[in-house]
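Right, one structure below, let's go through it.
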Amino acid sequence: QVRLVESGGGLVQAGGSLRLSCAASGIMLSINAVGWYRRTPGKQRELVAGISSSGSTNYADSVKGRFTISRDNAGNTMYLQMNSLKPEDTAVYYCTAKRRQQDYWGQGTQVTVSS
């Protein structure tokens, strides 16, 4: 059974930093495509950052230069380091992993950035 569990969300002032973690079980993050999405009320879920199965990374234009996605293969955990946070980054953040065309999702973690 695949399980993804996010942690690290919270309330931070604009300009601050947070690091989100996503601990995985039942799936190897090191060999599958993984990513972070976010959703705000009234908006569709959007891709924030991803790592392909080959290891290449991609970012939404709105977070380039501020966010960094990474994965710890030994610990089977992925991270999203978020720096220079802005109020518009406020959202529920979800980690995801894909295996054989099946997408798996965590339960989400709230990030709130105050101005």
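The values are calculated or read from the model by the stated rules, or taken from the named source; none is laboratory data. A quick note: this is a predicted structure, and the numbers were derived from the prediction, not measured. Cβ coordinates were reconstructed from backbone atoms using ideal geometry, including for glycine residues, and neighbour counts include every protein chain displayed. Surface areas here come from the heavy atoms of the whole protein model, side chains and all, with no ligands, DNA or RNA. Shrake-Rupley method; radii C 1.70, N 1.55, O 1.52, S 1.80 Å.
Restricting to the range 28-52, and then to whatever is of a type in the set (S, T, N, Q) and in contact (Cβ under 8 Å) with a residue 40 or more places away in the chain, can you tell me which residue is surrounded by the most Cβ atoms within 10 Å (Cβ to Cβ)?
In the first step, residues of the range 28-52 are kept if they are of a type in the set (S, T, N, Q); the result is 30, 32, 40, 44, 52.
In the following step, the residues that additionally are in contact (Cβ under 8 Å) with a residue 40 or more places away in the chain were identified as 30, 32, 40.
Numbers: 30: 16, 32: 18, 40: 13.
Once the filter is applied, the top-ranked residue is 32.
If you scan the range 63-81, which residues turn out to be farther than 17 Å from residue 112 by Cβ and modelled with pLDDT of 95 or more? Give the steps one after another, and end with the answer.
First pass over the range 63-81, keeping only residues farther than 17 Å from residue 112 by Cβ: 64-65, 68-79, 81.
Those that are farther than 17 Å from residue 112 by Cβ and modelled with pLDDT of 95 or more: 64, 65, 68, 69, 70, 77, 78, 79, 81.
Open to solvent by less than 40 Å² (accessible area, probe 1.4 Å), of a type in the set (S, T, N, Q) and assigned to a strand (DSSP E or B): is that true of residue 68 in this structure? Please lay out each step first, then the result.
Working: open to solvent by less than 40 Å² (accessible area, probe 1.4 Å): no; of a type in the set (S, T, N, Q): yes; assigned to a strand (DSSP E or B): yes.
So residue 68 does not fit the description; no.
Suppose the filter is in a strand (DSSP E or B), of a type in the set (S, T, N, Q) and in contact with a strand residue (DSSP E or B) (Cβ under 8 Å, 6 or more places away or on another chain); does residue 81 pass it? Can you show your working first?
Values: in a strand (DSSP E or B): yes; of a type in the set (S, T, N, Q): yes; in contact with a strand residue (DSSP E or B) (Cβ under 8 Å, 6 or more places away or on another chain): yes.
The answer is yes for residue 81.
Answer yes or no: is there a residue in the range 52-61 that is closer than 18 Å to residue 8 by Cα, modelled with pLDDT of 95 or more and out of contact with any Pro (no Cβ under 9 Å at 6 or more places or on another chain).
Start the filter on the range 52-61 by keeping residues that are closer than 18 Å to residue 8 by Cα, which leaves none.
Taking every residue of the range 52-61 in turn, none turns out to be closer than 18 Å to residue 8 by Cα, modelled with pLDDT of 95 or more and out of contact with any Pro (no Cβ under 9 Å at 6 or more places or on another chain).
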